[in-house]
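Notes follow once the structure below has been shown.
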Amino acid sequence: MNSPRYLNLFKIALPAAGVSSILHRLSAVAIFVLSLPMMALLVFALSSKNNYSLFLIIYENPFFKIIFTIFITAIFYHFVSGLRHLVMDFGYWETLRAGRLSAISTFFATAFFLIIFLMLTW
């Protein structure tokens, strides 16, 4: 049996459904990693007026805004992709064409939500 000895993952052309599945998993990791710091900041901001004022100063930092945007984007993407996977679990969108179209629509829906979020926060 000739199994591949060297596998370059950057040279493999994944279909849109494969990219969507990998991004769904990466968004779950991002949510897991960023949830604790974001919840800690939320508790901190809601504990007093002074802490809320300090949080507003922290939020104006571009680095924090980027991290927060990544967190919200991961939540949006994971939600929309999760709905896609639930529909597929019920037996719909299981053909190659429907899987590709639903994956692409997941990308567009997330981009739509992200644009609205960016307009509201930046």
Number of the exception - ILE75 against (1) farther than 19 Å from PHE112 by Cβ; (2) of a type outside the set (Ser, Thr, Tyr); (3) modelled with pLDDT of 95 or more: (1)
Condition met for ILE115 (in a helix (DSSP H, G or I), surrounded by fewer than 13 Cβ atoms within 10 Å (Cβ to Cβ) and modelled with pLDDT under 95): no
Residues within segment 59-97 that are over 19 Å from VAL29 (Cα atoms) and buried (at least 16 other Cβ atoms within 10 Å of the Cβ), tallied: 1
Unique match (being farther than 20 Å from ILE115 by Cβ and in contact with a Ser or Thr (Cβ under 9 Å, 6 or more places away or on another chain)) among SER53, SER35, SER21: SER21
Per-region count, segment 46-80, residues hydroxyl-bearing (Ser, Thr, Tyr) and in contact with a helix residue (DSSP H, G or I) (Cβ under 6 Å, 6 or more places away or on another chain): 3
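Take segment 75-95 and flag every residue that is without any contact (Cβ under 8 Å) to a residue 24 or more places away in the chain and not small (Gly, Ala, Ser). Reasoning before the result, please.
Initially, segment 75-95 is screened for residues without any contact (Cβ under 8 Å) to a residue 24 or more places away in the chain, giving 79, 83, 86-95.
Scanning segment 75-95 gives PHE79, LEU83, LEU86, VAL87, MET88, ASP89, PHE90, TYR92, TRP93, GLU94, THR95.
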Qualifying position, being touching a Phe, Trp or Tyr at 6+ places or on another chain (Cβ under 6 Å) and either at positive phi or in contact (Cβ under 8 Å) with a residue 24 or more places away in the chain (or both), among ILE104, ILE31, ILE72, ILE67: ILE72
Enumeration of residues in segment 89-112 that are of a type in the set (A, V, I, L, M) and at pLDDT 95 or above: ALA98, LEU101, ALA103, ILE104, ALA109, ALA111
Subset of segment 26-54 (residues that are hydroxyl-bearing (Ser, Thr, Tyr) and surrounded by fewer than 16 Cβ atoms within 10 Å (Cβ to Cβ)): SER35, SER47, SER48, TYR52, SER53
Residue list for segment 1-25, filter: surrounded by 13 or more Cβ atoms within 10 Å (Cβ to Cβ) and either over 18 Å from LEU83 (Cβ atoms) or of a type in the set (A, V, I, L, M) (or both): ALA16, ALA17, GLY18, VAL19, LEU23
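The values are calculated or read from the model by the stated rules, or taken from the named source; none is laboratory data. These figures come from a predicted structure and were not determined experimentally. All Cβ positions, even for glycine, are placed from backbone atoms using ideal geometry, and neighbour counts span all protein chains on display.
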